[in-house]
Amino acid sequence: MQENELKDLVDSILQKKTETSDIEFKSAKEGYPEKLYDSFSSFSNTNGGIILFGIDEKAGYKVCGVKDPDLLEKKIVEQAKEMEPVVRPHITICNYDGKTVVAAEITEMDAINKPCYYLGKGKSKGSYIRVGDADLPMTEYEIYSYDAYKYKTEDELRTNPRIDETFFDQIQLDGFIAKAVSVKPNLVNLDKGTLIRLNGLADKDNQPTICGIMLFGKYPQYLSPNLDVVAVVCATENYAEESEDGARFLVNKRLDGTIPQMIETSIAFVLQNMKTRTIIDESGQRRDVTEYPIKAIREIILNALIHRDYSIHTENEPVRIEMYPDRIEVSNPGGLYGRLTIDELGKAKGDVRNPFLAAALEILSQTENRYSGIPTVYAEMKKAGLPEPKFEDFRGSFKVTLYNKKVIYNDFQSKIVDFCRKPRTKAVLAKEFGFDEHHPSYFINNYVMPLIAEGKLRYTIPEKPKSKNQQIVVT
């Protein structure tokens with residue numbers, strides 16, 4: 001960051017008066033912060049960020065300045081060396097209205113180096129992640145996920161002592177072996193046991209792996225009841241919210257079996273519970289149009305079952321299909337794996353959490369395994385005239401949302417609209433979303449008024465917009 005860029009950033013902060021996911025404030029007017037490790041760790045483990053010294057958040061985001069910037073820089077570097085791996089912040093100093101402001105830029109670390117943690121607390125207690133404007137301790141599973149990538153832990157190849165080779169459905173297994181040999185002729189001279197091991201279905205002692213059990217087990221859920229799919233049709237647009245007649249779920253099912261079986265039953269569930277309309281084209285032919293494109297539905301269900309985490313940490317978490325009046329959500333345990341980011345989905349070749357599982361399903365003709373799944377979802381939604389799919393990577397889970405409406409809100413707008421299900425004053429609204437409640441005009445003008453103009457929110461006293469009793473509520 002250049003000095004002029006830092007000045008522009010300060011201008012923006014003084015206008016917005018809010019902390020963000022990539023900016024942390026430290027006043028540093030009375031001394032030098034002794035605890036920067038949580039911010040160092042969270043920015044390094046998330047998307048990077050900037051720590052700004054010399055702005056007092058508690059005083060309404062006023063520039064208080066730093067007394068000794070050279071000493072502050074020394075303290076910052078000293079603390080950065082106490083991290084593992086060592087954090088190397090880029091320091092920028094500028095003069096703003098006669099006061100000194102210091103910025104420490106922290107870049108995101110490569111996935112192979114995560115988690116970045118404070119040596120004084122150790123990995124389990126000194127690892128943080130940025131969530132909104134907060135630095136939160138990493139969960140045990142989040143730390144495990146980074147280590148699993150770093151050390152190439154193959155959870156799909158782990159075994160369970162309760163199950164031996166007799167648990168395989170031999171007919172299904174023989175069918176797979178025949179297909180494998182037909183598509184890979186060089187395997188023809190290998191015996192069945194070797195082929196099973198080469199495809200990751202069993203270990204060297206012929207003990208079935210998770211991969212083998214989930215593909216060809218007689219009943220995979222014997223290993224863990226929650227290695228299945230929970231599928232629900234929600235009565236309202238909010239999960240588990242009751243409708244006027246008191247219903248929460250219109251349909252509630254668990255879908256089990258092998259992965260190929262769950263793929264088919266999950267698609268059938270969606271087909272049975274989504275709307276279908278009949279149209280007549282220009283040639284007079286009748287055809288049915290489903291609420292969501294079937295190819296897109298198949299891809300997101302397939303991806304959820306292939307790329308879910310199969311470690312012991314997530315055995316009790318199923319894949320979930322949630323159907324709402326305005327959308328369908330499919331989520332799976334295990335966030336994005338390795339270096340891949342949300343922005344790169346469908347554009348770049350990513351690391352694969354379960355390569356043996358993906359390869360076996362390609363042989364079974366369930367998937368192309370050519371990284372075409374995400375582009376297919378985008379293309380099918382566009383062809384159907386629907387909004388783009390929404391992909392979200394949460395703390396330990398991944399979710400895909402398909403909308404059936406032409407217009408959708410962005411995340412921030414959705415939260416505002418949802419919060420206004422009950423009438424709210426301007427001050428309450430501003431405070432809820434991190435703006436100055438005593439001077440809420442910036443927030444109201446830039447975020448609330450556009451929603452009122454679009455008809456999504458309204459005044460409770462529309463004839464008196466400036467009334468002291470005025471509140472804002474959903475239309």
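The values are calculated or read from the model by the stated rules, or taken from the named source; none is laboratory data. What you see is a predicted model, and the numbers here were worked out from it, not measured in a lab. A quick note on method: Cβ atoms are made from the backbone with ideal geometry, for glycine too, and the neighbour counts reach across all protein chains shown. What goes into the accessible areas is simple: the full protein's heavy atoms, side chains included, and nothing from ligands, DNA or RNA. Shrake-Rupley method; radii C 1.70, N 1.55, O 1.52, S 1.80 Å.
Tabulated data for the structure shown
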read-out	value
In Hz, Karplus ³J(HN,Hα) per residue of segment 258-263 (6.51, -1.76, 1.60; θ = phi - 60°; x = Gly, Pro)	6, 4, x, 5, 5, 4
Between 0 and 90°, nearest 10: helix 373-383 axis offset from the chain longest Cα axis	80
Mean projected area in nm² (Cα convex hull; one quarter of hull surface) for segment 66-121	4.4
Coil-residue chymotrypsin sites (Phe, Trp or Tyr not before Pro) of segment 83-182, DSSP, other Cβ within 10 Å capped at 15	Tyr151
Rounded Å value of the spacing that divides the Cα centres of segment 313-351 and segment 74-148	26
Amide H within-cut-off set for Glu57, under 5 Å, with H built and near neighbours excluded	Ser27
Cβ-based net charge around Ser127, under 9 Å, with every Lys or Arg adding one and every Asp or Glu removing one	+3
Principal axes of the chain: Cα extent on each, largest first, Å	80, 60, 42
Whichever lysines have a C-alpha closer than 16 Å to that of Lys468, once near sequence neighbours (fewer than 8 apart) are set aside	Lys426
Sequence-distant lysines (8 or more away, or on other chains) whose Cα lies within less than 24 Å of Lys99	Lys7, Lys16, Lys17, Lys26, Lys29, Lys35, Lys58, Lys62, Lys67, Lys74, Lys75
Kirkwood-based shape ratio for segment 230-360, expressed as Rg/Rh from alpha carbons	1.03
Estimated Rh, segment 169-250: Kirkwood, alpha-carbon pairs, angstrom	15.7
Potential extension, Glu463-Arg248 segment - 0.36 nm per residue separation minus Cα distance	73.6 nm
Principal-axis tilt of helix 69-80 within the chain, Cα atoms, nearest 10 degrees	20
Accessible-area composition of the chain, carbon plus sulfur, in percent [1.4 Å probe]	49
Per-residue SASA entry for Lys121, accessible area with 1.4 Å probe, Å² rounded to 10	90
Rg over Rh, two decimals, segment 18-114 (C-alpha only, Kirkwood Rh)	0.97
Tensor-based shape of segment 405-472 (alpha-carbon gyration tensor, a/c under 1.5 rounded, otherwise prolate or oblate)	oblate
Relative contact order (%) - criterion: Cα under 8 Å, at least six apart; region: segment 180-297	15
In segment 183-218, the trypsin sites (Lys or Arg not before Pro) that fall in loop regions by DSSP, at most 12 other Cβ within 10 Å	Lys204
Distant-in-sequence amide H partners of Asp135 (H built 1.01 Å from N, under 5 Å)	none
The chain - mean residue ellipticity at 222 nm from DSSP helices (-39,500 (n - 2.57) per run, n ≥ 4, rounded to 500)	-9000 deg cm²/dmol
Set of lysines with alpha-carbon distance to Lys253 below 27 Å, sequence-local pairs under 8 removed	Lys218, Lys275, Lys295, Lys390, Lys399, Lys405
Cα long-axis angle, helix 170-183 against the chain (0 to 90 degrees, to the nearest 10)	80
Rounded Å value of the spacing that divides the Cα centres of segment 215-257 and segment 157-194	31
Residue-by-residue Karplus 3J(HN,Hα) for segment 140-154, coefficients 6.51, -1.76, 1.60, Hz, glycine and proline x	4, 5, 4, 5, 4, 4, 5, 5, 4, 6, 4, 9, 6, 5, 9
Cleavage-rule hits (trypsin sites (Lys or Arg not before Pro)) in segment 413-475: DSSP loop, at most 14 neighbouring Cβ within 10 angstrom	Arg421, Lys466, Lys468
Pair-distance profile P(r), taking every C-alpha pair of segment 295-387, with 5 angstrom steps and integer %	2, 12, 20, 26, 22, 13, 4, 1, 0
Listed residues Cys234, Cys64 arranged by accessible area, highest first, probe 1.4 Å	Cys64, Cys234
